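**Student:** Right, I'll just put the structure down here and ask away after.
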Amino acid sequence: MKFLPISIFIFALTTATALAYDPGPLQDICVATNDQDSGVFVNGKFCKDPKQATANDFLFMGLRNPGNTANPLGSQVTQAFVDQFPGVNTLGISMARIDFAPGGLNPPHFHPRASEVLLVVEGTLLVGLVTSNQLNNTFFTKVLYKGDVFTFPIGLIHFQLNIGNTNALAIASFSSQNPGVITVANAVFETKPPISTDVLTKAFQVDKKVVDYLQAQFWYDNN
Ligand SMILES: *[C@@H]1O[C@H](CO)[C@@H](O)[C@H](O)[C@H]1NC(C)=O
């Protein structure tokens, strides 16, 4: 036990050192360039002159109103990520509200840059998450009621389904200013341009007709 404080100190030191250098990627793509004219993108966002900051910079009112759930999924995500809410820039946090009609689904998706905690404000949600191949794609699922909180680890596929007879509302918090969203169906069947049928028939072990059918569907993005 005598050595515990020292190991904690060393851990803190190495962690701090790591954080002082490379932050994780803050966007999908950031290819280096030497061209000064086109080199206007950085890993994250530029900062406003602190002297110019006002109280409004720290305020976001975009989560006041319910999202429109009249769509094929019956759900709508309203993001308060750095693109909508510049005040979270460099803070490693963001939020979203998710509105659900009865039966509404926030379909299987994952966040490449953030873990999530989800609070049920209204309604009843069936939630699920799937571990990586290393843990044999174990499926964890639970029914959540008003006031319940569930967590979705970074990078793992998860979903929420409103199994109640009423609208549902959930508030999500993320450990990134720009969590990113990859919706599984959209990222497979609605890429631009389409992924080769040869790839998808083998990957899903179905014939070309099924792949053609799936690629022809309209995959709504509820974000
Ligand atoms: C995953 O499956 C392998 C092979 O069946 C097994 O040895 C291993 O214990 C499983 N791991 C988990 C986390 O279930």
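The values are calculated or read from the model by the stated rules, or taken from the named source; none is laboratory data. This structure is a prediction, so every number in the text was calculated from the model and none was measured. Glycine gets a Cβ as well: all are built from the backbone with ideal geometry, and neighbour counts include every protein chain shown. SASA here: full protein model, heavy atoms, side chains in, ligands and nucleic acids out. Shrake-Rupley method; radii C 1.70, N 1.55, O 1.52, S 1.80 Å.
**Student:** Can you pull out every residue in the range 29-55 that is at pLDDT 80 or above, surrounded by 10 or more Cβ atoms within 10 Å (Cβ to Cβ) and at negative phi?
**Tutor:** Those that are at pLDDT 80 or above, surrounded by 10 or more Cβ atoms within 10 Å (Cβ to Cβ) and at negative phi: V42, N43, K45, C47, K48, A53.
**Student:** Could you please tell me which pairs satisfy a Cβ distance under 7 Å, a separation of 6+ or placement on different chains, a first residue in the range 40-59 that is more than 17 Å from L91 (Cβ to Cβ), and a second residue that is open to solvent by less than 90 Å² (accessible area, probe 1.4 Å)?
**Tutor:** F41/C30
**Student:** Anything in the range 158-190 that is touching a helix residue (DSSP H, G or I) at 6+ places or on another chain (Cβ under 6 Å) and either among the hydrophobic types (A, V, I, L, M, F, W, C) or within 16 Å of the ligand (Cβ to nearest atom) (or both)? List them, or say none. Break it down stepwise before answering.
**Tutor:** Applying the first criterion (touching a helix residue (DSSP H, G or I) at 6+ places or on another chain (Cβ under 6 Å)) to the range 158-190 yields 177, 189.
Hit for the range 158-190 is F189, nothing else.
**Student:** Being surrounded by fewer than 21 Cβ atoms within 10 Å (Cβ to Cβ) and in contact with an Asp or Glu (Cβ under 7 Å, 6 or more places away or on another chain) narrows it down to one of L119, L126, L169, L156, so name that one.
**Tutor:** Of the residues listed, the single one that is surrounded by fewer than 21 Cβ atoms within 10 Å (Cβ to Cβ) and in contact with an Asp or Glu (Cβ under 7 Å, 6 or more places away or on another chain) is L169.
**Student:** A70 is checked against (1) over 15 Å from Y220 (Cα atoms); (2) part of a loop (DSSP other than H, G, I, E, B); (3) free of Cβ contacts under 8 Å to residues at least 60 places away in the same chain and fails just one. What number does that condition carry?
**Tutor:** For A70, the failing item is (1).
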